[in-house]
Amino acid sequence: MRILAKIVVTAIALWATTILPGIELSGSNIWANIGTLLVVAIIFGVVNAVIKPVIKTLGCAFYVLTLGLIALVVNALLFLLVGWLAGLLHLPFTVTGFWTALLGAVIVAVVSWVLHLVIPDSIDKGDTH
């Protein structure tokens, strides 16, 4: 249940990024868009679970040197990677440009944080009672 909640929260956060010019969700109908967002949310989760820790470990000195501001650049590049992977899978989700990806990554972080505040802890933690 916890993983499903995280996927839905990420999908909603990704949908929020489509207000930016340069991030497009161009499915044929609402159900196609929802399906695309769910698949892209899974891709987003896998990229953040697999690649981000490696980058943080290898670039530890840059995180210290920039007082963590390099995390914004890393998140933007990972967001661009997610858009590229979605394109490889022929999903109608595109991210064009570094600055758009940077703003998109910030929106995903803020919206996810707000939604995780709203979601009851029993769902977020995976409790059944």
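The values are calculated or read from the model by the stated rules, or taken from the named source; none is laboratory data. Predicted, not measured: the structure shown is a model, and the values here were computed from it. Here the Cβ positions follow ideal geometry from the backbone for every residue, glycine too, while neighbour counts run over all protein chains shown.
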Residue ID - nearest to Leu89 (Cα to Cα), chosen from residues in the stretch 21-56 that are aliphatic (A, V, I, L, M) and without any contact (Cβ under 8 Å) to a residue 12 or more places away in the chain: Val46
Pairs where the first residue, in the stretch 61-89, is under 21 Å from Val39 (Cβ atoms) and the second is among the polar types (S, T, N, Q) and in a helix (DSSP H, G or I), C-beta under 8 Å, 6+ apart: Leu78/Asn48; Ala86/Thr36
Scope the stretch 100-122; condition surrounded by fewer than 11 Cβ atoms within 10 Å (Cβ to Cβ) and touching a strand residue (DSSP E or B) at 6+ places or on another chain (Cβ under 8 Å); matching residues: none
Matching entry among Thr36, Thr57 (being in a helix (DSSP H, G or I) and touching a Gly at 6+ places or on another chain (Cβ under 9 Å)): Thr36
Given (1) in a helix (DSSP H, G or I); (2) more than 20 Å from Ala11 (Cβ to Cβ), index of the condition Ile51 fails: (2)
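Here is a yes/no grid of residues against (1) under 24 Å from Ala5 (Cα atoms); (2) modelled with pLDDT of 95 or more:
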| position | (1), (2) |
| --- | --- |
| Ile30 | yes, no |
| Ile55 | no, no |
| Cys60 | no, no |
| Val82 | yes, yes |
| Leu88 | no, yes |
| Thr100 | no, yes |
| Leu103 | yes, yes |
| Trp113 | yes, no |
Residue ID - farthest from the chain's Cα centre (by Cα), chosen from residues in the stretch 1-31 that are in a helix (DSSP H, G or I) and within 16 Å of Gly87 (Cβ to Cβ): Thr18
Single residue of Val9, Val74, Val47, Val82 found to be surrounded by 13 or more Cβ atoms within 10 Å (Cβ to Cβ) and touching a Phe, Trp or Tyr at 6+ places or on another chain (Cβ under 6 Å): Val82
